[in-house]
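Structure record follows, encoded as structure tokens.
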Amino acid sequence: MHALFGGIMEALALIATALTAGAAAGVHDSTSEAVGSLYAGLRQRVRERLGRRSAELDDAIAAQRDRDTSAPDPVAPELRRLLEAVQAGQDEELRALADGVLRQLASARGGSVWNVRISNSQGPSVGDGTHQRNTFFNTSAPPVTPGEG
């Protein structure tokens, strides 16, 4: 469900995505208790970190939900400002709760979750049902084709 970017960006995008996905799911009878519990914990933890600014959270989540998906930044500016102000990207508990929300939502929908970090790559294939052929070169051994060995 989420292949995100490195460093703090990864953490903020993960948290923003989980806040939006949990809100979109409604976290009522239609979703599992596990999702509801994790989402409630995530929102509470963010609200605690925000303190007196916690009233701004619902509007920031709405902005995240309504943002242009073609925007280069995966986090809406309103939500990014709030999360950065309290260094949410460095809070391991927040990251764990956000990851749990997304995993539980994917599981409840019968999907799978991908958390992939790729560097120095050209044309990777990531996700369910994808195929990729890799060729590795070892100068000390003759080449092996698929099916041999």
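Listed values, structure above:
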{"item": "Test: residue in the range 107-120 that is touching an Asp or Glu at 6+ places or on another chain (Cβ under 8 Å), at pLDDT 90 or above and of a type in the set (S, T, N, Q)", "result": "no"}
{"item": "Residue count, the range 46-90 (criterion: touching a residue at least 60 places away in the same chain (Cβ under 8 Å) and open to solvent by less than 10 Å² (accessible area, probe 1.4 Å))", "result": "6"}
{"item": "Meets criteria (modelled with pLDDT of 90 or more and open to solvent by 40 Å² or more (accessible area, probe 1.4 Å)) for Asp29", "result": "no"}
{"item": "Test set (1) touching a Leu at 6+ places or on another chain (Cβ under 9 Å); (2) under 24 Å from Ala108 (Cβ atoms); (3) open to solvent by 50 Å² or more (accessible area, probe 1.4 Å) - Ala96 fails condition number", "result": "(1)"}
{"item": "Given (1) in contact with a helix residue (DSSP H, G or I) (Cβ under 6 Å, 6 or more places away or on another chain); (2) over 18 Å from Thr17 (Cβ atoms); (3) of a type outside the set (Lys, Arg), number of the condition Val86 does not satisfy", "result": "(2)"}
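The values are calculated or read from the model by the stated rules, or taken from the named source; none is laboratory data. Given the structure is predicted, the values throughout are model-derived calculations rather than measurements. When we count neighbours, we look across all protein chains shown, and the Cβ atoms used for this are built from the backbone with ideal geometry, even at glycine. The protein model used for the area step is the full one, side chains on, heavy atoms only, and it has no ligands, DNA or RNA in it. Shrake-Rupley method; radii C 1.70, N 1.55, O 1.52, S 1.80 Å.
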